[in-house]
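The structure appears right after this line, and notes come after that.
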Amino acid sequence: RYLLEQDFPGMRIGPEPTTDSFIAVMYGETEGNVPGNALVVDPKKPFRKLGRFGNAFLNRFMCSQLPNEVLKSISIIDSPGILSGEKQRISRGYDFCQVLQWFAERVDRIILLFDAHKLDISDEFSEAIKSFRGQDDKIRVVLNKADQVDTQQLMRVYGALMWSLGKVIDTPEVLRVYIGSFWAHPLRNTDNRRLFEAEAQDLFKDIQSLPQKAAVRKLNDLIKRARLAKVHAYIISYLKKEMPSVFGKENKKKELINKLPEIYIQLQREYHISAGDFPEVKKMQELLENCDFTKFHSLKPKLIEAVDNMLANKIASLMNLISQEESNMPTEMVHGGAFDGTMAGPFGHGYGEGAKEGADEEEWVVAKDKPAYDEIFYTLSPINGKISGISAKKEMVTSKLPNSVLGKIWKLADCDGDGMLDDEEFALAKHLIKIKLDGYELPGALPSHLVPPSHRKPFQTAE
């Protein structure tokens, strides 16, 4: 709702558990709903394989179509609210985690939403997160409604969230958490406004880059599936080979299922396969219980060769094609909705801050602090109105900034490149030091509004 900046059909937002359906929010010329059963038989939509989850799921699945600019670039799957307490014991009638896993394997980004007031990770939420195993690189976490607590409470809430997530998500890396208030209401607590703006901007950049990376992500999934298929072929053919031709089939089947971890190790050594490419042992054992091993196929070396050839040669040429296509096409970004509100005008991120301060003012922005800088300048014994690099260095190193940063500041401030600084250039150097000490980045080239007044004409002519 926040990203689209408009309601979509079937939307219900409230503090109580509201959404009980999976809603695919997609672009359409006219606004409307398509129910789940109709959706899975539509060849133009990518949901046909969801039919296997049955009517209980399809009655809780729908597609919301609306003519929104944001949805021209991305589609959004809005999942049901996670249950906690007594409610989670009531069965949904379908395998909720299996459905989540199906979507997780096919989407570009998974966003976990947490409320600053309800941080507990229920059993169902924990199971849901575990179903995203293997998709860790897609997960982002949003801590919403962060404006409703003060800075001290927010620090505690963030710490508690990271601790809770650490117990559920089994990864050595720290998940990226975006902190903010993602709705269009006034902020209750404005102390952290700048933090919320920076976090929202980072999240927007992450989402906006998704259309560009879609082709590479699909290629990555293809490689992953090819490797899994290859390993699967080795496992199945080994089980087929070990089966007796006439008697004791059932006993041998049970023995092979129990020995599956040892079979994995044997295949790893024989075919030099990484342990990470093998399916989970317990899940594989459960699936094999219902299979007839005698109907499995034997290994076909030609097919394995074809897969190896694809992974070694064809994929590289596909990557080159994608790179060429991306360089020839304009950069595809998500536009519309909340994304447009942070791009232009004085409310864009960083506008009027750091090196951009004073960009739309007639007076030189450094002038307001120049009297204080002049006092320091004249203590450095200027000769013919200029101080040498050695004198400037003595003053500039008091900022404790590293030499690499001070060297860049010197390059920006020495407008005429004579290796000395006059009073205006020195004031500019002090202003750039202040920008860096305030936590902002230095510009790559000196913006026109920061050029000292006495250097403007020759500087602009040279440019």
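The values are calculated or read from the model by the stated rules, or taken from the named source; none is laboratory data. Owing to the predicted nature of the structure, the values given are computational and were not obtained by experimental measurement. Positions of Cβ are generated from backbone atoms using ideal geometry, with glycine treated the same way; all protein chains shown enter the neighbour counts. Surface accessibility is based on the protein's heavy atoms, side chains included, excluding ligands, DNA and RNA. Shrake-Rupley method; radii C 1.70, N 1.55, O 1.52, S 1.80 Å.
For region 37-56, backbone nitrogen atoms closer than 18 Å to the point 7 Å from A229 Cα along Cα-to-C-beta are found at 49. Extension gain, Q324 to L187, is 44.8 nm, computed as 0.36 nm per intervening residue step minus the present C-alpha separation. Solvent exposure of region 216-326, expressed per residue, is 69 Å² of accessible area, with all protein chains present and a 1.4 angstrom probe. Applying 1/(1 + (r/R0)^6) with R0 = 30 Å to the Cβ-Cβ distance of T30 and D95 gives a FRET efficiency near 0.35. Paramagnetic label reach from A160 (point 7 Å along Cα→Cβ; backbone nitrogen cut-off under 12 Å): within region 116-133, residues 116-121. Simple spin-label estimate for A445 and E262 gives 7.1 nm between the two label positions (7 Å along the Cα-to-Cβ direction from each Cα).
Under the simplified labelling scheme, the A306-L222 pair shows an inter-label distance of 1.5 nm, with each label point 7 Å from Cα along Cα→Cβ. Between E255 and E363, the modelled label-to-label distance comes to 9.3 nm, taking each label 7 Å out from Cα in the direction of the beta carbon. The DSSP beta bridges internal to the chain are antiparallel in roughly 45% of cases. If the chain linking D206 and V174 were pulled fully straight, counting 0.36 nm for each residue of separation and taking away their Cα-Cα distance, it would gain 9.8 nm. Out of the total accessible area of the chain (probe 1.4 Å, heavy atoms of protein only), what percent is carbon and sulfur? Solvent-exposed carbon and sulfur of the chain make up 53 percent of the total. For GluC sites (Glu not before Pro), the sites in region 151-251 that DSSP calls loop and that have at most 13 other Cβ atoms within 10 Å are E173. Based on the alpha carbons, how large is the Rg to Rh ratio for region 216-326 when Rh follows Kirkwood? Checking Rg against Rh, the ratio lands at 1.07. Under conditions of 25 °C and 0.890 mPa s, region 365-455 yields 188 µm² s⁻¹ as its translational diffusion coefficient, taking Rh as the Kirkwood radius over Cα pairs in the Stokes-Einstein equation. Taking the structure as given and computing Cα Rg over 2.2 N^0.38 Å, which label from (1) 1.33; (2) 1.02; (3) 1.14 fits? The value matching this structure is (1).
Using the structure shown, select from K254/K282; K252/K295; K130/K213; K138/K224 the pairs with a Cα to Cα distance greater than 20 angstrom. Check vs 20 Å cut-off fails for K130/K213. Around the amide H of I110, modelled in the peptide plane, lie the amide H atoms of I139, R140, all under 5 Å away and 5 or more residues distant in sequence or on another chain.
Paramagnetic label reach from Q148 (point 7 Å along Cα→Cβ; backbone nitrogen cut-off under 18 Å): within region 106-130, residues 112-122. Packing order of peptides 122-128, 296-302, highest average first: 122-128, 296-302 (average count of other Cβ atoms within 10 Å over each peptide's residues). Rounded to the nearest 10 degrees, the angle from helix 210-242 to the longest Cα principal axis of the chain is 30 degrees. Measuring between their Cα centroids, region 267-314 and region 144-187 lie 41 Å from each other. Every helix of 4 or more DSSP H residues in the chain counts as -39500 (n - 2.57), and over all residues that averages to -13500 deg cm²/dmol at 222 nm. The angle between the Cα long axis of helix 151-168 and the main principal axis of the chain comes to about 30°, on a 0 to 90 degree scale.
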